[in-house]
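Right, one structure below, let's go through it.
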Amino acid sequence: MSEIITQALKEGRKILLEHEAKALCLEYGIPVTKFKVASSAEEAVKFAEEIGYPVVLKIVSPDVIHKFDVGGVILNLKSSEEVRNAYNQIIENVKRNKPDAKILGVNVQEMAPPSTEIIVGAIKDPQFGPTIMFGLGGIFVEVLKDVTFRIAPITEGDAREMISEIKAYPILKGFRGAPPADIEAIVKILVNVSKLVMEHQEIKELDLNPIMVYRSGAKTVDARIILE
Ligand code: ADP
Ligand code: MG
């Protein structure tokens with residue numbers, strides 16, 4: 001069992017913190033935004049300088065599931081002063097909106113430039129076991145339910161099929177001047193997510209949402225992993 005998962009279970013947590021989920025992703029070669037967890041405003045500034053501006057600050061708390069909703073996410077910070085202020089603002093927001101939340105720190109991360117957003121997920125089907133989901137972000141998943149599923153483990157060929165069978169596929173190929181997305185990067189993510197969930201059967205749900213896909217490469221912006 002992964003050290004990250006062992007530790008969470010030992011602490012009685014069923015939901016990995018974002019940085020834990022991203023660290024597990026990194027072990028499988030799944031690209032994520034650079035991140036570091038700070039426990040003071042000064043440390044946040046130091047990490048921001050290391051990572052490079054612009055950065056994003058996010059609350060780290062086992063009691064906050066939807067970070068944005070409690071004022072726990074501040075985007076596009078461009079200087080040490082903005083980072084220092086955002087750090088204090090986040091702590092204040094969370095204390096106001098969720099007074100009992102245990103605050104472990106603030107996640108300082110690279111700001112991923114906007115691009116085509118995809119979602120990669122995994123659920124553990126009671127009958128078929130780990131199952132991989134793929135779709136485009138936003139309305140494509142939420143309104144149009146334009147998603148596809150495969151039972152894990154999946155091959156590169158399966159991953160290519162998944163990508164090309166969603167209705168929104170033309171958008172990934174490059175649509176009306178929009179740049180084409182790096183399909184090979186998506187293939188790798190799908191196969192590696194499949195490996196990750198196959199090798200960690202204690203994962204009940206995995207959600208990489210969104211992943212920004214670029215002309216070259218991709219970057220996971222938010223990651224959630226729920227344990228059984
Ligand atoms: P929540 O816990 O509320 O889901 P997220 O980590 O998903 O918090 O952040 C909310 C939103 O902020 C994301 O859906 C994304 O649009 C934006 N965002 C978060 N982190 C980044 C980042 N590193 N780069 C760019 N955008 C980000
Ligand atoms: Mg999110």
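Any read-out appearing in this document is the output of simple, stated calculations on the displayed coordinates, not a laboratory observation. Note that this is a predicted model, so its numbers are computed, not measured. Cβ atoms come from the backbone with ideal geometry, glycine included; neighbour counts cover every protein chain shown.
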Practice prompt. Would you check if residue 172 is under 14 Å from residue 134 (Cβ atoms), within 16 Å of ligand 2 (Cβ to nearest atom) and of a type outside the set (Asp, Glu)?
Written response: no
Item to complete: Name the residue, out of 64, 70, 141, that is of a type outside the set (Lys, Arg) and touching a strand residue (DSSP E or B) at 6+ places or on another chain (Cβ under 6 Å).
Response: 141
Worksheet, complete the sentence: For the range 64-93 the number of residues that are within 16 Å of ligand 2 (Cβ to nearest atom) and closer than 30 Å to residue 12 by Cβ is 12
Worksheet entry | Search result, residues across the range 53-86 that are polar (S, T, N, Q) and more than 9 Å from ligand 1 (Cβ to nearest atom) | 61, 79, 80, 85
Worksheet item: Which number in (1) among the β-branched types (Val, Ile, Thr); (2) more than 30 Å from residue 185 (Cα to Cα); (3) assigned to a strand (DSSP E or B) marks the one condition that residue 59 misses?
Response: (2)
Discussion item. So, in the range 11-23, how many residues would count as being assigned to a helix (DSSP H, G or I) and buried (at least 22 other Cβ atoms within 10 Å of the Cβ)?
Written reply: 3
Item to complete: Within the range 133-160, work out how many residues are under 18 Å from the mean Cα position of the chain (by Cα) and more than 22 Å from residue 214 (Cβ to Cβ).
Response: 1
Worksheet item: Give me the pairs: first residue in the range 61-84 and at positive phi and without any contact (Cβ under 8 Å) to a residue 40 or more places away in the chain, second residue more than 10 Å from ligand 1 (Cβ to nearest atom) and of a type outside the set (Lys, Arg), beta-carbon distance under 7 Å, and six or more apart or on different chains, which are they?
Response: 71/90; 71/93; 71/94; 71/97
Worksheet item: For residue 163, are the conditions met, namely being in contact with a helix residue (DSSP H, G or I) (Cβ under 7 Å, 6 or more places away or on another chain), in a loop (DSSP other than H, G, I, E, B) and either under 30 Å from residue 5 (Cβ atoms) or within 16 Å of ligand 2 (Cβ to nearest atom) (or both)?
Response: no
Worksheet item: How many of the residues in the range 175-191 are within 20 Å of residue 128 (Cβ to Cβ) and out of contact with any strand residue (DSSP E or B) (no Cβ under 8 Å at 6 or more places or on another chain)?
Response: 1
Worksheet item: Are any residues in the range 114-160 acidic (Asp, Glu) and assigned to a strand (DSSP E or B), and if so, which ones?
Response: 117, 125
